[in-house]
Amino acid sequence: MPAAAVPGARGRGVFIAFEGGDGSGKSTQARLLVERLRAAGHDVLQTREPGGTEIGERLRALVLDPQYAPVDAVTEALLFAASRSAHVRQLVEPALAAGRIVVTDRYVDSSVAYQGAGRDLGTGTVARLNDWATNGLHPDLTVLLDVDTATAAARRTAREQSAGGAGPDRMESEPEAFHERIRRAFAERAAADPGRYLVLDAARPVGELAEAVLERVTALLEGRESSGAMAPDGTPSAGSRP
Ligand code: TYD
C-alpha cells in the first residue's frame, strides 16, 4: 500500500517537534511515533537537529565535539541556527509542501533553551535569530518531555556506560544549574503557547508516554482532515507561521 499523504492537507503536511533536556527520552518517543504513523500508512519524514542534511551533520560534529571546546556562546548559537536553516529549507519545507508528516528530534526551542537560557544569550534574542533562520516556520505540535535534572543525569550516565564509554558531549558535560535553566526555559515556551504543546512527565513509563503522544497526534490529524488545511484566503494554515 502506498504511504498516504495527510488527508485533507491539500499539499501541506504536519510538522511535529520533540523537545526536552538531554536524557529526557525524546528520541525514543520520536522514533515510536514515527513507527506507529508509518504502520498506519502515513508518509513520514523522520529527522533531527542539529543535522538532517549533509551540511547540518558537519555542523553537528563541529558544535558538539568536546575537542573544539570552548566555543563562545554566540558562535554556538549561529552554528545551530545555520544547521537549522539548511534543515528547514532543504528538507522540512519540501516535505511539508508534499503533504508529508515531518517529525523532528529537536527544533527552535532547543536553541532558545540551551543557548538563550543555558548560555545566557537571552531567550528573545535567540528566538528572533531562529525566526529568521527558519523563515518563521513553527511546528503544529511540540511534544515536550519534561524531566527533573537528577533523573536526566542518571539516564545519561547509564546511556554512556551502555554505549561503551563514548563520553558526554559538550552540552552533557555542563553542570546541573545549566540543565535546570534549560528545563525552565522549555517549560516557559510551552506555557506561553499551550495550544501548540503537549507537555509530558518524562518519568512515566515509555509505553504510556507513547500512547499519550499518539492520542494527541491522532487528534491533530483528524482536526486537519475535517477542517481542510487551508486558511479562508487559500494560504496554507499548517506548518504554521505566526
Ligand atoms: P544529541 O546527541 O542529539 O542529544 P539528544 O539526544 O539529547 O538530542 O545532541 C544534541 C545536543 O545539542 C543536545 O545537548 C542539545 C544541544 N542543542 C543545542 O544546544 N541547541 C540546539 O539548537 C540544538 C538543536 C541542540
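Under Stokes-Einstein, with the Kirkwood radius over Cα pairs standing in for Rh, what whole-number D in µm²/s applies to the chain at 37 °C and 0.692 mPa s? After rounding, the answer is 179 µm²/s. Over all Cα atoms in the stretch 57-115, the spread is summed up by Rg and Dmax: 13.1, 41 Å. Counting Lys and Arg as +1 and Asp and Glu as -1 over every other residue whose Cβ lies under 12 Å from the Cβ of SER27, the net charge comes to +2. Within the shell of other residues whose beta carbon sits under 14 angstrom from the beta carbon of ALA86, the net charge comes to +1, with Lys and Arg scored +1 and Asp and Glu -1.
The translational diffusion coefficient of the stretch 89-210, from Stokes-Einstein at 4 °C and 1.567 mPa s with a Kirkwood hydrodynamic radius over alpha carbon pairs, comes to 81 µm²/s. Over the chain, Cα pairs under 8 Å with separation of 6+ residues give a relative contact order of 32 percent. What you get for the stretch 7-227, charging only the Cβ of Lys and Arg (+1) and of Asp and Glu (-1), is a dipole of about 460 debye around the Cα centre. Does anyone have the angle between helix 123-134 and the longest principal axis of the chain? Alpha-carbon axes, 0 to 90°, nearest 10? Result, in degrees: 50. Using only Cα atoms and rounding to the nearest 10 degrees, what angle (0 to 90) does helix 73-87 make with the longest principal axis of the chain? That works out to roughly 30 degrees. Taking the C-alpha atoms only, the angle from helix 176-192 to the longest principal axis of the chain is near 20 degrees. Using just its DSSP H runs of length 4 or more, each adding -39500 (n - 2.57), the chain gives a mean residue ellipticity at 222 nm of -15000 deg cm²/dmol after division by all residues.
With the charge dipole of the stretch 1-127 set up from +1 on Lys and Arg Cβ and -1 on Asp and Glu Cβ about the Cα centre, the Cα lying farthest toward the positive end among the listed residues GLY41, ALA69, ALA82 is that of GLY41.
FYI, it's all coordinate maths here, none of it is from the lab. What you are looking at is a predicted structure, and each value in this text was computed from that prediction instead of being measured. Counting neighbours? That spans all protein chains shown, and the Cβs are built from the backbone with ideal geometry, glycine included.
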